[in-house]
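Only one structure is covered here, and it is reproduced in the block below.
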Amino acid sequence: MRRFLFAAAAPVGALAVTLVITSIALILFGSNPLEAYGDMLSHASKLETQVDILNRATPYYLSAVAAAIGFRMNLFNIGVEGQYLFALLIAAQVGSLVALPQVFHILLIMTVAMAVGAAYAGIAGVLKVTRGVNEVISTIMLNSIAISGLIALLQQRWQAEQENFTSTTLGTNPIDESGLMPNINGLLEIFTRDIGQGKELTGVLLVAVLVGVAYHLLLTRMRFGFDLRASGLNPFAARAGGVPPKQMIVAAMCLSGAVAGLIGMVELADTGKFSPNPIKGLGFGGIAVALLGRNHPGGMVLSALLFAFLDVSSGILQNTEAATKEIVNIMQGIVLLVAVVAYGVTKRIQTREEARATAEALRSSEPAEVLA
Amino acid sequence: MRKKSTLILALLAVLSLLAAACGSDVADVASDAADAAGDAAEAVEDTVDDAMEDDAMEDEDADHSADDDAMEDEDAMEDEPAMADSDTTVGLVYDIGGRGDLSFNDSAAAGLEKAQADLGVAFTEASPNNDGSDRAELLQIAADGNPIVIGVGFLFEGDAVAVAAENPDTNFAVIDSSMLDFSQDPPGPYGDNVAGLVFAEEQGSYLVGVAAALKTESNQLGFIGGVCCFGLIEKFEAGFRAGALSVNPDIEIVSQYITDAPDFDGFNQPDRAQVIATTMYEDGADIIYHAAGGAGNGMFQAAKDYSEDNGSKVWGIGVDSDQFNTIGAVDESLQEYVLTSMLKRVDTAVFEILKAQNDGAFAAGPNVYDLSVDGVGYSTSGGFVDDIVDDLEAAKASIIAGDVVVPTDPTEVG
């Protein structure tokens, strides 16, 4: 119970501090904070907006899990951005080339995306263990190589043959209907009224849930997850304990990349091709979401939803003119910063309390009892 | 003590973040993104002239009469300065970055304000997230409260089609896209409530071609296109050539494109534009017209460098917005090399479609804005073409009168 309180105190406190600071900022901008928050909440209370939020939170969550797998063993995979965009392109192209029954078609596309993401992230892992290249540097480089190099090049080569270039026809050849992940409106509508405005709840949400559960089981129930955490906490101790460090690094990078490969599936289910303007920045957004969610499978759900909610609020704030839409970015930044500070503070308090408890125990009793 | 310093540090950190966020950073990022988006917007306008002409033919009579009506109304409006009050409200969604981009978005905003002043149209405005992920959401929010929704830039094409299908009672207009469904045969509008607002770029290019031919001393001109072979930028080249040759049939015009479609990077490569422009100036051209979006800045830089190195002044001609002003915001020293700019009047398009909506004359499919409605034009900022304005106005009048038909295909021009 005490541990849970400690864990919850930081994010709740961070959110409260964020609201205070944002309110001050809003007042300075000449807006009424209560009006702005009211508009955001009443907009978010609509079912259609909730679908938007879930659709936005899904790629954020996948991206956060991808980053968190690395963070858990002190690997900073900054390359999620390049990995998911590259995986999206290859998966879209492969998917357009085949015609299969729906289940196999979707599975093939997802497998290709995960494999490409894993392989591309694996490059950074291999470079680290064989040549000692810091993965931060190599993944940033690989981002540039993927986005400005490989994608730009292959995108041209695979541009669908056509007479008329319009923004709707640009991109790779469209994937057959059978390769597109269906929406899961029906699943949500069991609990709610029918979803209007033609909004579709992405089926990738289910994949994200599975990934979250798998991530949780990996960390808590599997040997690999234990090795991963051990390597992160103390690589030398882990090594002494029989965890092969090189294999762990490569495996963790590949796993992180494989999850990253799934990020683009949300967009692919929607557009059915690699469009010339894919949604970028999700890889970096995921790092923030992972930090805020403390790499915890449940915590990241909350932080992904929070970020998605803030993103989606930007439209309504502009429409009602209750506040400038930049307030959304400001809130995202502040909540992250305050949370990191709060985590630091609670950790320090926790450590001090533990130290005091140990000291008291040492003072008041025999050493043997403490050990026991 | 420790506690206190930690607290102060934390507060400082938060405040600095706040300052950074409120400060120029956000605006910079946003305007960069907007530039890129604007350039891309030019890149992918569909231009199947045949298809459009076929379509236009059928509606031609109707269009003309509508135009005439519109003209008359406008005159009437000028006579009586009364501020009309209209039931029409509009939700306008800018491209990424919103107001302040000195280009498409600001021009759209100007049209919006004119419609508010002249027609009494009330508006709400919005711009997407930096990654553009919420375009459809913004269109839907705008459609919830307004009879007409405008998307600034072709990037709204796909989302506008989808949202329009769900909101049949709301009209949608997208700037810089014809909004033609090419899966139909012949291509037609996506729906009765979907219009595309496009421009007769060849007519504006003709006028700056005339200006270049009148101003050149070496009788050599250059043209730099951003991206070749998807049917849009050729219109600029054809108009420019035709305009220049109409003044002097012996004039020499070299043209070069930075990239070929579907590689649209040409619009974002000022370095390559600079290399091409430098070569053209060295080969004797003294005026170059660019239709290369953001890459065009490289051309103006080349004009400045060449002029300073060789002591003989060379010029560049801008495109889309009044580049004397837009480039002045980036680097004032380049202003004196902007002879004129071919204007794409997004403000006119916004105003005209709102006027049509107000008059109950919203027309689905492509709405082409040409010289007759000031949909395209040339700029006089800097005063470098003040001495030839009469010639330019004469050329403009003869195009509007139909005496000159500007070609859209450069291979048709001598």
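Worth pointing out:
- The listed residue being more than 14 Å from chain B (Cβ to nearest Cβ) and in a helix (DSSP H, G or I), out of A:17, A:12: A:12
- Of the helices (runs of 4 or more DSSP H) entirely within the range A:257-372, those holding at least 1 residues that are among the small types (Gly, Ala, Ser) and open to solvent by less than 10 Å² (accessible area, probe 1.4 Å) occupy A:282-292, A:297-320, A:326-364.
- Number of positions in the range B:156-192 that are at the interface with chain A (Cβ under 10 Å from one of its Cβ atoms) and in a loop (DSSP other than H, G, I, E, B): 9
- Flag for residue A:211 being surrounded by fewer than 17 Cβ atoms within 10 Å (Cβ to Cβ) and touching a Phe, Trp or Tyr at 6+ places or on another chain (Cβ under 9 Å): no
- Helices (runs of 4 or more DSSP H) (entirely within the range B:268-356) containing at least 3 residues that are more than 30 Å from residue B:173 (Cβ to Cβ), in contact (Cβ under 8 Å) with a residue 60 or more places away in the chain and open to solvent by less than 10 Å² (accessible area, probe 1.4 Å): none
- When A:75, A:108 are checked against the criterion of being surrounded by fewer than 20 Cβ atoms within 10 Å (Cβ to Cβ), touching a helix residue (DSSP H, G or I) at 6+ places or on another chain (Cβ under 8 Å), more than 14 Å from chain B (Cβ to nearest Cβ) and hydrophobic (A, V, I, L, M, F, W, C), A:108 stands alone in meeting it.
- Between B:238, B:195, B:211, B:160, the distinction of being under 23 Å from residue A:196 (Cβ atoms) and open to solvent by less than 10 Å² (accessible area, probe 1.4 Å) belongs to B:160 only.
- Looking across the range A:299-349, the residues that are hydroxyl-bearing (Ser, Thr, Tyr) and facing chain B (nearest Cβ under 9 Å) come down to A:314, A:320.
- Selection from the range B:252-267 of residues that are out of contact with any Lys or Arg (no Cβ under 9 Å at 6 or more places or on another chain) and more than 14 Å from chain A (Cβ to nearest Cβ): B:252, B:254, B:256, B:257
- One residue stands out in the range B:104-133 among those that are away from every other protein chain (no Cβ under 13 Å) and in a loop (DSSP other than H, G, I, E, B): the one that is surrounded by the most Cβ atoms within 10 Å (Cβ to Cβ), namely B:121.
- Cβ-Cβ distances below 6 Å connect the following pairs, each with a first residue in the range A:40-54 that is within 13 Å of chain B (Cβ to nearest Cβ), a second residue that is open to solvent by 20 Å² or more (accessible area, probe 1.4 Å) and basic (Lys, Arg), and a separation of six or more residues or different chains: A:48/A:199; A:51/A:199.
- Given (1) modelled with pLDDT of 90 or more; (2) of a type in the set (Val, Ile, Thr); (3) more than 24 Å from residue A:244 (Cα to Cα); (4) open to solvent by less than 70 Å² (accessible area, probe 1.4 Å), number of the condition residue A:140 does not satisfy: (4)
- Test: residue in the range B:260-281 that is acidic (Asp, Glu), modelled with pLDDT under 95 and more than 27 Å from residue A:148 (Cβ to Cβ): no
- Given (1) over 22 Å from residue A:201 (Cα atoms); (2) in a helix (DSSP H, G or I); (3) open to solvent by 10 Å² or more (accessible area, probe 1.4 Å); (4) among the polar types (S, T, N, Q), number of the condition residue A:55 does not satisfy: (1)
The values are calculated or read from the model by the stated rules, or taken from the named source; none is laboratory data. All values reported here derive from a predicted model rather than from experimental measurement. Neighbour counts are summed over all protein chains in view; Cβ atoms, including those assigned to glycine, are modelled from backbone coordinates with ideal geometry. Each accessible area value is taken on the protein alone, full model and side chains, heavy atoms only, with ligands, DNA and RNA left out. Shrake-Rupley method; radii C 1.70, N 1.55, O 1.52, S 1.80 Å.
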